[in-house]
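The values are calculated or read from the model by the stated rules, or taken from the named source; none is laboratory data. All values derive from a computational prediction rather than experimental measurement. Quick reminder, even Gly has a Cβ in these numbers, built from the backbone with ideal geometry, and neighbours come from all protein chains shown.
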């Protein structure tokens, strides 16, 4: 197991500059994908809007031959003093996009098959990099503050699921997941006999705050005439302070069944 990303290839990288990212209708058609060699994957659009039921940060390959969405998305917030902004983007059933953090996205790179984002806000630049561990149902998300930037508070609100990647989740306001929190770690079990999802933010702390978000939209599914709405559950959020030249690495892991 390694918390360092694999070496980046020397092939010509794919880059989307700030201008190309401002056209939402066009930019949302650009997608990324990383895999773990087992059939598991993470995928999404460069803007952060999930447009397909197959998008998510951890779709685990579980025996005998299942692909299960465990971590749907993460919403990032930055705070400097009393100022706060969300860098995430999500679309709901009526077309509302909230939050609309994609407007702070300054650049997107795909280098060596790894997706990388750069956000700029209030004089700060935050870099985000996503990869998976080969041969394991583990996704890493690394956040790095730019050189010379002042300390910022980074909050990561996690949205979890436990469903086949062909389906959608329907929420129940009376139902809540089982949680086990220990410092910078949280284990979420959505179903009594389901696969637990282990979450960790190095150097951070987890704040429990459980509730449902209703009727996220997957616009590509709607365009195909298919079921296009999903409810997602959040067990809470991680909080960490990033200082000059510092980084935070969030890890999402799906142990084998019974582990």
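Laid out as a table, the results:
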| quantity | calculated |
| --- | --- |
| Subset of the range 196-233 (residues that are crowded, with 21+ Cβ neighbours inside 10 Å, farther than 14 Å from residue 92 by Cα and in contact (Cβ under 8 Å) with a residue 60 or more places away in the chain) | 197, 199, 233 |
| Output for the range 87-99, where each listed residue is in contact with a strand residue (DSSP E or B) (Cβ under 6 Å, 6 or more places away or on another chain) and surrounded by fewer than 19 Cβ atoms within 10 Å (Cβ to Cβ) | 92, 93, 97, 99 |
| Which numbered condition residue 76 fails, given (1) touching a helix residue (DSSP H, G or I) at 6+ places or on another chain (Cβ under 9 Å); (2) farther than 29 Å from residue 39 by Cα | (2) |
| Residue within the range 132-154 that is more than 25 Å from residue 37 (Cα to Cα), at pLDDT 95 or above and surrounded by 19 or more Cβ atoms within 10 Å (Cβ to Cβ) present | yes |
| Test: residue in the range 52-60 that is under 21 Å from residue 224 (Cα atoms), touching a helix residue (DSSP H, G or I) at 6+ places or on another chain (Cβ under 7 Å) and assigned to a loop (DSSP other than H, G, I, E, B) | yes |
| Close pairs (7 angstrom Cβ cut-off, 6 or more residues apart or separate chains): farther than 12 Å from residue 162 by Cα in the range 56-70, in a strand (DSSP E or B) and modelled with pLDDT under 95 anywhere | 57/252 |
| Candidates 25, 65, filtered to the one that is surrounded by fewer than 20 Cβ atoms within 10 Å (Cβ to Cβ), more than 24 Å from residue 121 (Cβ to Cβ) and modelled with pLDDT under 95 | 65 |
| Subset of the range 123-164 (residues that are over 18 Å from the mean Cα position of the chain (by Cα) and in a loop (DSSP other than H, G, I, E, B)) | 123, 134, 135, 146, 147, 148, 149, 150, 151 |
| Count of the range 174-193 residues which are surrounded by fewer than 10 Cβ atoms within 10 Å (Cβ to Cβ) and touching a strand residue (DSSP E or B) at 6+ places or on another chain (Cβ under 6 Å) | 0 |
| Yes/no for residue 71 being closer than 27 Å to residue 223 by Cα, in contact with a strand residue (DSSP E or B) (Cβ under 6 Å, 6 or more places away or on another chain), modelled with pLDDT of 95 or more and not in a loop (DSSP other than H, G, I, E, B) | yes |
| Residue among 256, 249 that is modelled with pLDDT under 95 and part of a strand (DSSP E or B) | 249 |
